[in-house]
1. Report whether or not residue 117 is modelled with pLDDT of 95 or more, under 16 Å from the mean Cα position of the chain (by Cα) and either surrounded by 15 or more Cβ atoms within 10 Å (Cβ to Cβ) or hydrophobic (A, V, I, L, M, F, W, C) (or both).
2. Quickly run through the range 141-185 and pick out the residues that are part of a strand (DSSP E or B) and of a type in the set (Val, Ile, Thr).
3. Name the residue that is nearest to residue 173 (Cα to Cα), counting only residues in the range 225-276 that are of a type in the set (S, T, N, Q) and without any contact (Cβ under 8 Å) to a residue 12 or more places away in the chain.
4. Wholly within the range 329-444, which strands (runs of 3 or more DSSP E) include no fewer than the required count, namely at least 2 residues that are crowded, with 17+ Cβ neighbours inside 10 Å?
Amino acid sequence: MVELSLLKGTNDHLPEEQVLREKILEIIKEVFQLYGFRPLTTPILEMWDILSSKYAGGAEILKETYRLTDQGNRDLGLRYDLSVPLSRLVGMNPRLRKPFKRYEIGPCFRDGPIKKGRYREFIQCDADIIGVASTLADAECLALAHHLFTRMGLEVYLEVNNRKLLTGILLAAGVPEPLLNTTILSVDKLKKIGIDGVREELKSKNVPLAVIDEIYSYFNYEGSYLEVLDQLEPRINNEIGKEGIAELKQLYHYLQLFNLADEVKLLYSLARGLEIYTGTVFEAFLKESGIIDSSLCGGGRYDKIIGKFIGSEDQYPATGISFGLDIIYDAVAARWPSKSSVTDIYLVPVGNQTFDPIVKLTTQLRQNNIRAEFDLLNRNLSKNLDYANRLQIPFVIILGERDLSEKSVTLRVMKDGTEQKVALNRIVKKIAQLLENDKTTNRD
């Protein structure tokens, strides 16, 4: 006998959870489309050479990437994000009209440490803009994120940085070129493990102690977004660092146009880990502390990966943002009422003569795009009402033999238990009106 178990880091999602997950996905799709992003899908499986390319996610992410071989002895891998498949697709379709704004929602896989909000299999929801070099595209991604979380009733703040500025700071501090990328990965942990933790990590990576002290001197500045940049600017004498400051100032201007400047903080140690990022990087966090400390979304600019994939010197500027469904679910689950059914109305036949009319009425409701189901188990009325109540189905139609003779039904509103008689030939219109009123109330 097979022992039934789940692989650690994967989950089943019963209706009680999946109904809410799909509601979240519906909002995400609506906001993506509101901002002009178009749907796209890519395969879960990719050639290993694509996923492991030095222009893709980098060595750190490859440690967590699932690798396999098919029956044709081809070297394959499960995608660890949606950005690399998108970059491969754009490289294979160079004539795509620019700007190319796409969204994709689908499963990704990572064989990394398991904790709440971090799983082996997870759903990513990405929106990307290809073909726009301006930080205006970065600002639009940030505006999209804030809009999306507002729709969900979540108060968030956004943290931003620019990889060029961080690179410029480390070069100015004297970090040797061969140690630059690994030092960035350590400094990126400054918020999480503090300066002492970063010091120890840099020591283990053989960064000279004098350089570590100099790095520390750059991360003492406090103030507003622009005040910190004004304090850093005189100390940055390399071109890449100057570019980073200029782009962050330009980004701030666009954030003001989107009415977002007050919701954005500059965290100039932020790098987002992956080596693909070339400019702006950003993350979003709940303002309310103690619920979820991890970022709800993240993204940034990756201008080089597409051109490098296809061996072209042409510029393929790209920026995008990625939302994790699981962590957003955790954030909204406590705020939104749990519901395990999407049914609008449940129909109960009472008596032997009412079953056929109930099936016909159910069909009529469905043909009018009303989500309806009926009792399949011939239970008594009490058990049927209990069933509808447990699944939080808002309305119940009861058809007894007297109702049938009177060509009417009994309509029950489950939230308050009120009942009314409705003519059989008017019930579809009545239900449609009630559902529309419910939608209007929820929107308000």
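1. The answer is no for residue 117.
2. 156, 160
3. Filtering first and then ranking leaves 231.
4. Where strands (runs of 3 or more DSSP E) fall fully within the range 329-444 and carry at least 2 residues being crowded, with 17+ Cβ neighbours inside 10 Å, they are 345-350, 372-374, 395-400, 408-413.
Conditions tested, residue by residue: (1) within 30 Å of residue 292 (Cβ to Cβ); (2) touching a strand residue (DSSP E or B) at 6+ places or on another chain (Cβ under 9 Å); (3) without any contact (Cβ under 8 Å) to a residue 60 or more places away in the chain.
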| position | (1), (2), (3) |
| --- | --- |
| 156 | yes, yes, no |
| 183 | yes, no, yes |
| 189 | yes, no, yes |
| 194 | yes, no, yes |
| 201 | yes, no, yes |
| 205 | no, no, yes |
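The values are calculated or read from the model by the stated rules, or taken from the named source; none is laboratory data. Computed from a prediction, not measured in an experiment: that's the story for all the values here. All Cβ positions, even for glycine, are placed from backbone atoms using ideal geometry, and neighbour counts span all protein chains on display.
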